[in-house]
Structures are given as C-alpha cells and as structure tokens.
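Visitor: Mind looking over this structure? Questions follow.
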Amino acid sequence: MQTLTVAQTPRNPASESLGQELDLSRRADSIDPSLDLEAEIRRLKREKNAVLLAHYYQESEIQDLADHVGDSLALSQAAAKTDADVIVFCGVHFMAETAKILNPDKPVLLPDLDAGCSLADRCPADLYAEWLKQYPGHTVINYINSSAAVKALSDIIVTSSNAVDIVKQLPPDQPIVFGPDRHLGRWVEKQTGRKMALWPGFCIVHEQFNARRLAKLTAAHPDAQVIAHPECEEAVLEKADFIGSTLALLKYVEGHPEQRKFIVATEVGILHQMRRARPDAEFVCSPPNSGCDCAMCPYMRLNTLEKLYLCLRDGYPEIVMDEPTRLRALKPVQRMLDMSRSLSPVQQKGD
Ligand code: 13P
Ligand code: SF4
C-alpha cells in the first residue's frame with residue numbers, strides 16, 4: 001500500500017491572508033471605541049434578519065450572542081433549517097462552507113476567512129483524489145472537517161456526533177474509506193467492529209492531549225471522570241470514562257448530576273456551556289503537550305467580537321463556491337442529514 005505523508009505546513013486554501021489582514025485592520029481602526037459592540041451586533045442581526053450560528057469552541061461572549069450554539073452536526077442542521085436572510089457563522093471555514101452548500105442563495109459570512117482547520121487544510125482534494133484511486137468500490141465517508149472540494153469526492157459526510165451511527169447503517173460487507181481524521185476513524189472502527197482505510201490526518205488541538213500528563217492529572221483528581229473528544233489519540237481515549245462530540249460531552253455532564261468533577265479533553269471553549277449547565281461541578285482541563293493548562297483552537301479563536309461586528313456591518317467576508325463543486329458536495333451532506341434525522345437536536349439559546 002502506498003504511504004502518504006501529510007504536509008507539515010498547513011495552508012488555508014480560503015485565505016488570501018495578507019490582503020484580508022490589511023483590510024481587517026483598516027476596518028477595525030474604524031470602530032468607535034465607545035461603541036457597545038454586543039448591542040450593535042444584536043441590532044445589526046435584527047436589521048439584516050441574520051442568524052448567528054456559533055460553535056462551542058468560540059469565545060464565550062460570541063456564544064452568548066448566538067441564536068444557535070452547537071457542535072458541527074447541530075449547526076449544520078440549524079443551517080439547513082434557517083429562514084434568515086443572512087447566515088453569520090462563528091466557527092471555522094469548513095463549517096461556513098457547509099452552511100453555504102445548504103444555502104446557495106443566502107450570503108454566508110465568516111468573520112475571519114483565515115479560520116481554517118488542520119484536518120481540512122492537510123487533506124487537499126487533489127492528493128485525496130489520488131489516494132482514493134487505491135480503493136475502488138469503497139464507500140467514501142468523510143468527516144465534515146474537510147473542504148467542499150473533498151466533500152465533493154465523498155459518498156457520505158459524518159460528524160463526531162453521528163459517525164458511529166452512520167457507519168453502522170451501511171451493509172456489513174461494504175468496504176469503507178474514512179478521512180481525514182485517523183483518530184476519529186480508529187475510534188469509529190472500535191465502536192463498529194468495521195475495518196476502514198484511514199487517511200492519516202489529525203487535529204492539531206486534540207492531538208496535543210497526552211496520556212502521560214492525563215494519567216498524572218487523574219492521579220491528582222481520583223474523584224474526577226475523564227470525558228474526551230474522539231479526535232484525541234487512542235492512548236488518551238483509553239483513559240476516558242466517556243467519549244463523544246462536544247454536544248455529547250455537554251449532555252453527559254448534564255446527565256450525571258451525581259458526578260461533581262470532570263477532566264475535559266477537548267477545546268476549552270466548551271467549558272462555558274458546561275459551567276452554565278453544571279454550576280455545582282468542577283471542570284479541569286486535560287493538559288496539552290505544549291505545557292499550557294488548556295487547549296485552544298488557534299483557528300476558531302481568529303473570530304473575535306470586533307470581526308463579528310465588522311462582518312455584520314459590512315456584509316463580508318463571504319463564503320463563495322463554484323456551483324459544480326457545491327452541487328457535488330451537497331449530495332453527501334444531504335445524505336448525512338437524512339441518515340441522522342433522529343440525532344442531536346440543535347441546542348437553542350437558553351435551552
Ligand atoms: P464536533 O463539533 O463534532 O464536536 O467537532 C469538534 C471540532 O473539532 C470541530 O472542529
Ligand atoms: Fe480543526 Fe481541531 Fe480546530 Fe476543530 S479544533 S477546527 S478539528 S483544528
């Protein structure tokens with residue numbers, strides 16, 4: 001079998017970084033420092049009939065302004081259902097792209113186009129198409145953390161919420177290719193007993209969690225349960241009491257009132273909703289390799305309140321996509337939505 005090395009220098013194909021940065025800093029200078037940004041964002045949202053979708057990894061002030069806060073699946077479901085005139089996506093590029101795939105006639109805005117994803121950036125469509133040639137007759141399942149061009153090469157899209165469930169729905173003798181997250185893929189293999197061909201991608205945030213440091217932490221907190229996202233490596237997942245998507249982790253915390261302490265192995269942004277749901281519980285971040293106390297996604301954190309205000313005010317940056325790619329990507333995204341109808345209701349603000 002051909003071996004593949006994933007490029008070490010991620011490049012965001014959506015980014016025309018320098019031009020965008022210059023434009024952003026020029027527009028940021030135009031913000032009156034006395035402006036109440038939160039009030040202005042709410043006003044602009046109403047004025048433009050815009051819906052604000054935010055992932056759990058956004059900073060808490062953005063989550064608090066959002067109409068829907070959710071994981072990747074819940075936000076896709078919200079995007080599929082919205083009747084707003086404009087979608088503002090506070091998440092990363094592939095998420096906003098998915099919203100655009102589902103809403104070709106609406107402007108989909110992303111506060112910072114450089115908000116990419118290591119999984120999507122390290123799975124370029126041309127390399128992926130080449131790799132797939134080794135697997136004729138396989139069903140191509142792709143994690144939603146991939147570009148529209150990679151989605152267009154897929155049969156079904158999955159998220160961490162529905163991957164196990166969707167793979168279980170396929171005939172047992174159907175061979176499967178899974179990309180681009182090898183850790184999620186391995187976890188799905190374990191849960192379903194299905195062997196799959198895995199693209200060797202990884203999330204730079206979740207791969208930083210370290211089983212040795214986690215073991216030290218669990219020894220220091222013997223009364224804590226470890227909850228982890230399936231993008232973590234296998235050795236970390238083996239130490240977890242519960243594994244699930246960000247929404248599943250939140251639901252687990254809500255559903256276990258007897259448990260008062262949790263060690264959380266995912267991006268720190270989710271703690272905002274966990275603390276809100278369980279003010280009585282203690283949350284300890286699983287330590288990443290870097291020596292920091294918690295893990296933050298550098299791409300997600302490119303979105304700020306200022307950039308959110310600017311994109312609502314000025315109506316850009318906007319996601320653009322060519323129609324043939326969109327149409328090819330729509331099929332597997334729609335298939336995912338159809339195959340996960342009974343899963344993960346959208347968390348409405350205030351739920
Ligand atoms: P979920 O939203 O499916 O939990 O995935 C987490 C993530 O890393 C999103 O980029
Ligand atoms: Fe991508 Fe990882 Fe950031 Fe999620 S947390 S957007 S998978 S880099």
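Visitor: Run the quick spin-label model on ARG26 and ASN49: label points 7 Å from Cα toward the beta carbon, then report their separation in nm to one decimal.
Guide: 3.2
Visitor: So what is Rg over Rh here for the range 206-285, counting just Cα atoms and using Kirkwood for Rh? Please report the intermediate quantities before stating the final value.
Guide: Details: Rg = 11.4 Å, Rh = 12.4 Å.
That ratio equals 0.92.
Visitor: Simple spin-label model, 7 Å along Cα-to-Cβ: SER342 to LEU18 in nm?
Guide: 5.5
Visitor: So, with +1 on the Cβ of K and R and -1 on the Cβ of D and E, and no other charges, what is the size of the charge dipole of the chain about its Cα centre, to the nearest 20 debye?
Guide: Details: 39 positive and 48 negative charges, 178 e Å.
About 860 debye.
Visitor: Okay, next question. Of LYS81/LYS168; LYS190/LYS307; LYS251/LYS307, which pairs sit farther than 32 Å apart, going by alpha carbon to alpha carbon? Intermediate results must be reported in sequence, preceding the final value.
Guide: Details: LYS81/LYS168 26 Å; LYS190/LYS307 41 Å; LYS251/LYS307 30 Å.
Result: LYS190/LYS307 exceed 32 Å.
Visitor: With springs only between Cα atoms under 10 Å apart, run a GNM on the chain and tell me which of LEU102, LEU37, LEU184 wobbles the most.
Guide: Highest fluctuation of the listed residues: LEU37.
Visitor: Treating the beta-carbon of each Lys and Arg as +1 and of each Asp and Glu as -1, no other charges, what is the dipole magnitude of the range 206-285 about its Cα centre, to the nearest 20 debye? Numbers along the way, then the final one.
Guide: Values: 10 positive and 12 negative charges, 57 e Å.
I would put it at about 280 debye.
Visitor: Tell me the net charge near MET339. Cut-off is 14 Å between Cβ atoms, MET339 excluded, with +1 for each Lys or Arg and -1 for each Asp or Glu. Mind dumping the intermediate values first?
Guide: Details: positive: LYS168, LYS331, ARG335, ARG341; negative: ASP155, ASP165, ASP338.
Here the charged neighbours net out to +1.
Visitor: With a 4.7 Å Cβ cut-off, tell me which Cys residues in the chain come up empty for a partner.
Guide: CYS90, CYS117, CYS123, CYS203, CYS232, CYS292, CYS297, CYS311
Visitor: Net charge near ALA211: determine it from the other residues with C-beta under 11 Å of the C-beta of ALA211, scoring Lys and Arg +1 and Asp and Glu -1. Can you show the working numbers first?
Guide: On the way: positive: ARG212, ARG213, LYS216, LYS239; negative: GLU233, GLU234, GLU238.
Around ALA211, the charge tally is +1.
Visitor: Hey, another quick one. What's the center-to-center distance, using Cα atoms, between the range 236-301 and the range 114-177 in Å?
Guide: 27
Visitor: Can you find, among SER72, LEU109, GLN20, the residue farthest towards the positive end of the dipole of the chain? Put +1 on the C-beta of Lys and Arg, -1 on that of Asp and Glu.
Guide: SER72
Visitor: On to the next question. How much net charge surrounds VAL88 when only other residues with a Cβ under 13 Å from its Cβ are counted (Lys, Arg +1; Asp, Glu -1)?
Guide: Net charge in that neighbourhood comes out at +2.
Visitor: So how do HIS138, HIS68, HIS229, HIS55 line up by other beta-carbon neighbours within 10 Å, fewest first? Let's see the in-between values first.
Guide: Numbers: HIS138 16, HIS68 21, HIS229 30, HIS55 27.
Least crowded to most crowded, the residues run HIS138, HIS68, HIS55, HIS229.
Visitor: While we're on this one: Using helices alone, what [θ] at 222 nm do you get for the chain, with -39,500 (n - 2.57) per DSSP H run of 4 or more residues, divided over all residues and rounded to the nearest 500? Before the final figure, lay out each step's value.
Guide: Numbers: 16 runs with 140 residues, N = 351.
Calculated from helices alone, the mean residue ellipticity at 222 nm is -11000 deg cm²/dmol.
Visitor: Using Cβ counts within 10 Å as a stand-in for footprinting exposure, how do TYR309, TYR135 rank, fewest first? Could you put the intermediate results ahead of the total?
Guide: Numbers: TYR309 21, TYR135 15.
Lowest to highest Cβ neighbour count: TYR135, TYR309.
Visitor: What stretch of the chain, leaving out the sites themselves, is the longest with no trypsin sites (Lys or Arg not before Pro) in a DSSP loop having at most 12 other Cβ atoms within 10 Å?
Guide: Numbers: sites that count: ARG11, LYS133, LYS195, ARG341.
Longest site-free region, per DSSP loop and neighbour criteria: 196-340.
Visitor: Over all directions, average the projected area of the Cα convex hull of the chain and note it in nm². Intermediate values should be presented prior to the final figure.
Guide: Details: hull surface 72.1 nm².
Dividing the Cα hull surface by four gives the mean projection, 18.0 nm².
Visitor: Let me ask something additional. List the longest stretch of the chain that has no exposed loop site; here a site is one of the GluC sites (Glu not before Pro) assigned by DSSP to anything other than H, G, I, E or B, with at most 16 other Cβ within 10 Å. Mind showing how you got there, number by number?
Guide: On the way: sites that count: GLU16, GLU238, GLU258.
That would be 17-237.
Read-outs: derived from the displayed coordinates by stated rules, not from any lab. Just so it is clear, the model here is predicted, and its values are computed rather than measured. Because the Cβ atoms are built from the backbone with ideal geometry, glycine has one as well, and the counts that use them run over all protein chains shown.
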